[in-house]
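Here the structure comes first, spelled out in structure tokens, and everything after it is commentary.
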Amino acid sequence: MDVFWLFVVKELKSIIRDPKLLIAMVIVPLILMTILYFIIGQGMIQQIEQTIRESGIVAVFDMDGENYSQIFINYLNSLGLKTIIINSTNVDEAIEIFKGLEAKILYIIPPRFSYNLSSLRPSVVHVYVKLGALTIGEGGIVDIASRYVSLFNSYIIKTVASEKGIPPEFIGEAITGATRGLLADRIIDNPSNIVFALTMGGLFIPLIILMLVIFSAQLVATSMAVEKEEKMFETLLSLPINRMCVIGAKLLVSIAIGAIYMIGYSFALFGLLFRSIPGFESLQEIPLAMSLPSDIGIYVLLNVVGLAIFMVSVALLLSLFAEDVRSAQAILGNVIGPTIIAVYLPMFVDISSSPSIRLALSFVPLANTVFIPKIAVVQDITALAISSLSNLVYGVIMFMVIRRIVNSETIFTLKLRVGRKKAM
């Protein structure tokens with residue numbers, strides 16, 4: 001047992017004495033986790049502020065014009081909300097006016113609203129919520145819009161019961177809210193489910209992407225490092241064959257195995273979520289086919305394939321600078337942290353601000369893969385096409401850089417220089 005602890009101390013000392021491992025395993029993760037927690041914290045604060053700010057302004061289109069509809073408007077004002085009254089002749093025109101207002105919540109009070117309440121009959125308030133940011137905060141706005149109706153329902157039950165001189169329990173449910181979402185030029189039922197699906201996608205799609213990226217990168221880097229330790233890599237490059245056959249085989253195998261792992265992980269993850277998380281079953285009722293471009297599958301496939309080629313090529317390029325497995329892992333450790341930040345940052349970004357923002361984000365590798373569902377929902381075909389092709393372009397560029405290095409003697413001289421510096 002004493003021998004065991006001696007080796008434990010020896011391993012700890014070897015890690016501490018090796019600056020590459022110390023930086024990659026301790027310092028860089030601490031810095032990156034601090035940055036990641038800061039980004040998530042600021043993102044959540046921003047989402048809360050967005051929810052409070054945008055749910056504080058509501059628009060009302062009153063088609064009833066009687067006593068109880070005015071009570072509803074006064075009740076909204078009593079909650080501290082800024083209420084904008086829309087004057088229109090029909091619902092379609094009112095919705096068009098609402099699209100140009102700063103409010104994100106529209107309440108349409110139907111005809112006979114007051115008559116139904118005074119007759120102790122249930123009535124409906126139609127609720128429309130403008131969607132566009134497709135962030136966590138926007139999901140909160142949908143819930144708050146329904147919550148205002150629920151609060152007024154409790155209030156009006158007591159009011160009507162007092163007027164009629166009957167117990168409130170006798171009335172039951174006086175008012176219900178029928179909520180819909182306005183996304184671009186489309187009206188979507190169950191907007192909370194749409195936002196929930198995109199929010200869950202923002203949480204779990206990055207996990208799936210990270211499985212592909214990290215697994216493939218670790219595989220190709222470790223394979224390269226092992227061959228370098230055993231001097232097999234130099235031997236293979238010295239053979240009278242095309243050197244890119246060696247590199248291409250490594251890339252293909254790593255991407256293929258990573259893809260198989262990613263697919264299996266995806267089925268396992270979403271299978272678990274559908275069985276264990278309440279609300280996931282309702283996602284099957286979302287008519288996404290009506291909300292997404294018909295060729296979305298092609299865009300996603302091109303994007304993921306391009307991302308895999310790009311990230312594995314980056315890992316392979318970095319592993320060319322490593323001398324052994326330990327240094328290869330240290331180099332990859334410095335890359336994986338920023339990768340995690342890049343895939344989770346899109347959760348808090350509002351893509352509805354302007355097309356130029358969507359266009360700029362579609363050029364960012366990793367982030368554009370996470371953005372694809374949101375870009376597809378808003379049907380920005382230009383940004384969708386760029387997101388799909390940009391990763392392929394980056395992958396081809398990285399592959400050409402690797403090809404130039406491998407087909408020259410730079411790879412050997414670079415290694416010898418590193419070795420000499422280390423010896424000095």
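The values are calculated or read from the model by the stated rules, or taken from the named source; none is laboratory data. Here the structure is a predicted model, which means the values were calculated and not measured. Glycine gets a Cβ as well: all are built from the backbone with ideal geometry, and neighbour counts include every protein chain shown.
Among the residues making up segment 175-232, none is touching a Pro at 6+ places or on another chain (Cβ under 6 Å) and among the basic types (Lys, Arg). Checking Ala174, Ala178, Ala217, Ala161 one by one, the residue that is among the hydrophobic types (A, V, I, L, M, F, W, C), in the same structural domain as Val125 (by TED's automatic domain parsing) and within 30 Å of Lys374 (Cβ to Cβ) is Ala178 and no other. Take Ala376 and tell me if it is closer than 15 Å to Leu301 by Cα, in the same structural domain as Met311 (by TED's automatic domain parsing) and in contact with a Pro (Cβ under 8 Å, 6 or more places away or on another chain). Yes, satisfied.
Got a sec? Which of Leu183, Leu198 is touching a strand residue (DSSP E or B) at 6+ places or on another chain (Cβ under 8 Å) and either within 25 Å of Leu302 (Cβ to Cβ) or not aliphatic (A, V, I, L, M) (or both)?
Numbers: Leu198 fails: touching a strand residue (DSSP E or B) at 6+ places or on another chain (Cβ under 8 Å).
Among Leu183, Leu198, only Leu183 is touching a strand residue (DSSP E or B) at 6+ places or on another chain (Cβ under 8 Å) and either within 25 Å of Leu302 (Cβ to Cβ) or not aliphatic (A, V, I, L, M) (or both).
Among the residues of segment 381-418, which ones are modelled with pLDDT of 80 or more, out of contact with any Gly (no Cβ under 9 Å at 6 or more places or on another chain) and either of a type in the set (S, T, N, Q) or closer than 22 Å to Val343 by Cβ (or both)? Within segment 381-418, Thr382, Ala383, Leu384, Ala385, Ile386, Ser387, Ile397, Met398 meet the criteria.
Taking each residue of segment 162-181 that is modelled with pLDDT under 80 and looking for partners that are among the β-branched types (Val, Ile, Thr) and not in a helix (DSSP H, G or I) with beta-carbon atoms closer than 9 Å, six or more apart or interchain, yields Lys164/Ile171.
Could you pull out every one of the helices (runs of 4 or more DSSP H) wholly within segment 63-160 that has 2 or more residues that are of a type in the set (S, T, N, Q) and either buried (at least 19 other Cβ atoms within 10 Å of the Cβ) or in contact (Cβ under 8 Å) with a residue 12 or more places away in the chain (or both)?
Details: elements: 67-78, 91-99, 113-118.
Fully inside segment 63-160 and qualifying: 67-78, 113-118.
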